[in-house]
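Notes to accompany the following structure.
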Amino acid sequence: MEDETQMTDMQTLLQEQYLKSLAGIEDGQIVTGTVVQLNNEYVFVDVGYKSEGKIPVDEFIELPKIGDKVNVAIVNKEGKGGQVIVSKKKADARERSEALREAAESGTPVLGKFSKVIKGGYEVDLGADYKGFCPLSKADIVRIEDPETLIGKTDYFIIDKYHTGSKMKSVVSRKEYLEKIIAQNKEKFFSSVQIGDVVQGVVKSFTSFGAFIDLGGFDGLLHINDMGWGHVTKPKDYVKKGQVIQLRLINIDPDTQKINLSLKHMTEDPWTNFEERYQVGDVIKAPVTKITSFGVFIGIEPGIEGLAHISELSWTKKVTNPADIYKIGDVVEAKILGYDLDKKRVSLGIKQMLENPWDTIAERYPVGTVLKRNVVKLTNSGAFVNLEDGIDGFLHIDDVSWTKKLKNMSQFCKEGDEIEVVVSRVEPENRRIRLSVKNLEGNPWQNLRRSSPKGSVITGTVSNVTDFGVFVKVDGDIEGLISKYNLVGPDEEYTDKVLENFKVGDEVTAMVVEINPQTQKLSLSIKEMIKKNQESEMAKYMADGKEDDDTFSLADMLKAKDEEI
């Protein structure tokens, strides 16, 4: 009986102590507890009043460890079975609500996450079940093309309008936060850097003249000319969008806030010691980097390109478009012909790597060489005849015939024809070879001058009758002219009826009064021929008279002549 009495007294004492321990806490109060035990469902927290509260594990983002301190809200200090009912979720909400209120008053950024797209903007999760509304126009500092791209992104926001509870969402602005950060970053940048410093940025976008680099919400320009020491045509060959890159600051203007950056200045200018590595006459083997209408650029080494001008591509071929011969990436051998360090230029020659066929052209085609070759091109003044690959000789229209006058070259040949020619002149220094067809035979003008010199009588055939005279074709297919006043004898008077006495095809005999092979001119005269015949007869007559009478005079001869008539 005494034992039972003692047991009852003990229970009463423990209950009084427990109730006494709860006297200092109230429902809704935030207290700090210690994690004393946890399992798959609950985390048990000692709130320091000889009572443990249990919290569902799903109220924790990250499970605590035994001994960790946890803030909880007292939901019911006299819960079922005398156990204190606590909630971490409500404690977090209470703390978050206070933090958001203070942030709104002070303008302090708060962390949030774009949770979903709603009408006019986004719903933003501010933590502890607090939601905010971010208008689309305040979600970023740039125009948002696709709102879905921000969903799930966590960043800081400025609370423009704070509302407690769940009926009205607080209005928040990420743009305002970003603008403040950018302003801070820009101020720090302009006040702390100087020309020559190395800065880090992210490749943001490209233009035709370079790339913009994000330096922390504000941009610097990486101009195309500052990407490499050599010739840069494509910015994307040097940097990629989104790439984190280090660049050297080469110009900064706080007034205009312009920033110029350089990638090439991160390395030494290769032109500074060019002469230590290269000399005129050196041969390089490198790829073609650019093709233009006036030649090809060759990448000698990173930052140094040389130009092989169109005239230095071939000894023999007339190159009109280098792209017909080369493509970008082709590896070629070239010789350094010269360089200008001030202008950062190197002149290269590709043809110099081959033997110049013009150096031995006179040995292969000496004057007098007879060839049969194909016509490759006609011009107004002649024809080009291919002698070998890349070398053409020129046949002038005046070198086709000694006697025929061609109006155009097509009267003699056409492209593709094989013709026989003789080399008449070789000019290696001018890269010219003159050809001739007429020289295959002797010069008929020279032959005619030897056989029928001035003063001789020649017979030919009338080839044409004109109002100024008669053309007569003689040996060698040479045409001479008897002017109309030379068609009659010295004692006859010319009239236009005289021309009627001459017909094409008639045989005519006349005297050569002028023959000039250089000008190819042949002048004939019937008048002079008759006059010469008369003088000959007169001289003969006088000679015969002298044998009979030494006193025979010219008057006697004329008298005798009249008597004969």
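The values are calculated or read from the model by the stated rules, or taken from the named source; none is laboratory data. Owing to the predicted nature of the structure, the values given are computational and were not obtained by experimental measurement. Cβ atoms come from the backbone with ideal geometry, glycine included; neighbour counts cover every protein chain shown. Heads up: the accessible areas ignore ligands, DNA and RNA and are worked out on the full protein's heavy atoms, side chains in. Shrake-Rupley method; radii C 1.70, N 1.55, O 1.52, S 1.80 Å.
Please go through the range 14-56 and give me each residue that is at pLDDT 85 or above and not in a strand (DSSP E or B), ordered by number.
ASN39, ASN40, GLU41, listed by residue number.
Just checking: which of the strands (runs of 3 or more DSSP E) contained wholly in the range 334-418 hold 3 or more residues that are surrounded by fewer than 17 Cβ atoms within 10 Å (Cβ to Cβ) and hydrophobic (A, V, I, L, M, F, W, C)?
Counting at least 3 such residues, we get 370-378.
With (1) open to solvent by less than 20 Å² (accessible area, probe 1.4 Å); (2) under 11 Å from SER525 (Cβ atoms); (3) modelled with pLDDT of 90 or more as the list, and VAL488 as the residue in question, which single condition is left unmet?
(3)
What number of residues within the range 162-194 are loosely packed, with under 13 Cβ neighbours inside 10 Å and either within 18 Å of LEU111 (Cβ to Cβ) or of a type outside the set (A, V, I, L, M, F, W, C) (or both)?
Count: 10.
Restricting to the range 284-305, what's the tally of residues that are part of a strand (DSSP E or B) and under 15 Å from the mean Cα position of the chain (by Cα)?
11
Name the residues in the range 444-462 that are modelled with pLDDT of 90 or more and polar (S, T, N, Q), would you?
Passing the criteria: SER456, THR459, THR461.
Which of the numbered conditions does ASP506 fail, given that it passes all the others? Conditions: (1) on the phi < 0 side of the Ramachandran plot; (2) open to solvent by less than 70 Å² (accessible area, probe 1.4 Å); (3) within 60 Å of the chain's Cα centre (by Cα).
Among (1) on the phi < 0 side of the Ramachandran plot; (2) open to solvent by less than 70 Å² (accessible area, probe 1.4 Å); (3) within 60 Å of the chain's Cα centre (by Cα), ASP506 violates only (3).
Quick one: would you say SER451 is among the hydroxyl-bearing types (Ser, Thr, Tyr) and either open to solvent by 30 Å² or more (accessible area, probe 1.4 Å) or without any contact (Cβ under 8 Å) to a residue 40 or more places away in the chain (or both)?
yes
Within the range 454-485, restricting attention to residues that are without any contact (Cβ under 8 Å) to a residue 40 or more places away in the chain and not in a loop (DSSP other than H, G, I, E, B), which residue is surrounded by the most Cβ atoms within 10 Å (Cβ to Cβ)?
Step by step, filter the range 454-485, then rank; the result is VAL470.
Matching residues to (1) open to solvent by less than 40 Å² (accessible area, probe 1.4 Å); (2) among the hydrophobic types (A, V, I, L, M, F, W, C); (3) in contact with a Lys or Arg (Cβ under 9 Å, 6 or more places away or on another chain):
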| residue | (1), (2), (3) |
| --- | --- |
| GLU98 | no, no, no |
| ALA103 | yes, yes, no |
| THR108 | no, no, no |
| GLY112 | yes, no, yes |
| LYS116 | no, no, no |
| GLY120 | no, no, no |
| VAL124 | yes, yes, yes |
| TYR130 | yes, no, yes |
| ASP140 | yes, no, yes |
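I'd like to check which strands (runs of 3 or more DSSP E) are fully inside the range 61-176 and have at least 3 residues that are aliphatic (A, V, I, L, M).
69-76, 110-118
I'd like the residue in the range 428-446 that is under 17 Å from ILE478 (Cβ atoms) and out of contact with any Asp or Glu (no Cβ under 8 Å at 6 or more places or on another chain) and, out of all such residues, is least open to solvent (accessible area, probe 1.4 Å).
So the residue we want is TRP445.
Taking strands (runs of 3 or more DSSP E) that fall entirely within the range 195-274, which contain at least 2 residues that are within 26 Å of GLY299 (Cα to Cα) and open to solvent by 50 Å² or more (accessible area, probe 1.4 Å)?
244-253
Would you check which residues across the range 159-204 are β-branched (Val, Ile, Thr) and under 30 Å from ILE118 (Cβ atoms) and list them?
Once the filter is applied, which keeps residues that are β-branched (Val, Ile, Thr) and under 30 Å from ILE118 (Cβ atoms), the range 159-204 yields ILE159, THR164, VAL171, VAL172, ILE181, ILE182.
Residues of the range 489-514 being of a type in the set (D, E, K, R) and over 28 Å from SER451 (Cβ atoms), which ones?
Within the range 489-514, ASP491, GLU492, GLU493, ASP496, LYS497, GLU500 qualify.
Residues of the range 163-209 being of a type in the set (Ser, Thr, Tyr) and touching a Gly at 6+ places or on another chain (Cβ under 9 Å), which ones?
Hit for the range 163-209 is SER170, nothing else.
Would you point out the residue of the range 420-431, among those that are out of contact with any Leu (no Cβ under 8 Å at 6 or more places or on another chain) and in a strand (DSSP E or B), that is nearest to ASN443 (Cα to Cα)?
ARG425
Take the range 230-280 and flag every residue that is under 25 Å from PHE190 (Cα atoms), of a type in the set (D, E, K, R) and over 24 Å from the mean Cα position of the chain (by Cα).
Passing the criteria: ARG248, ASP253, ASP255, LYS258.
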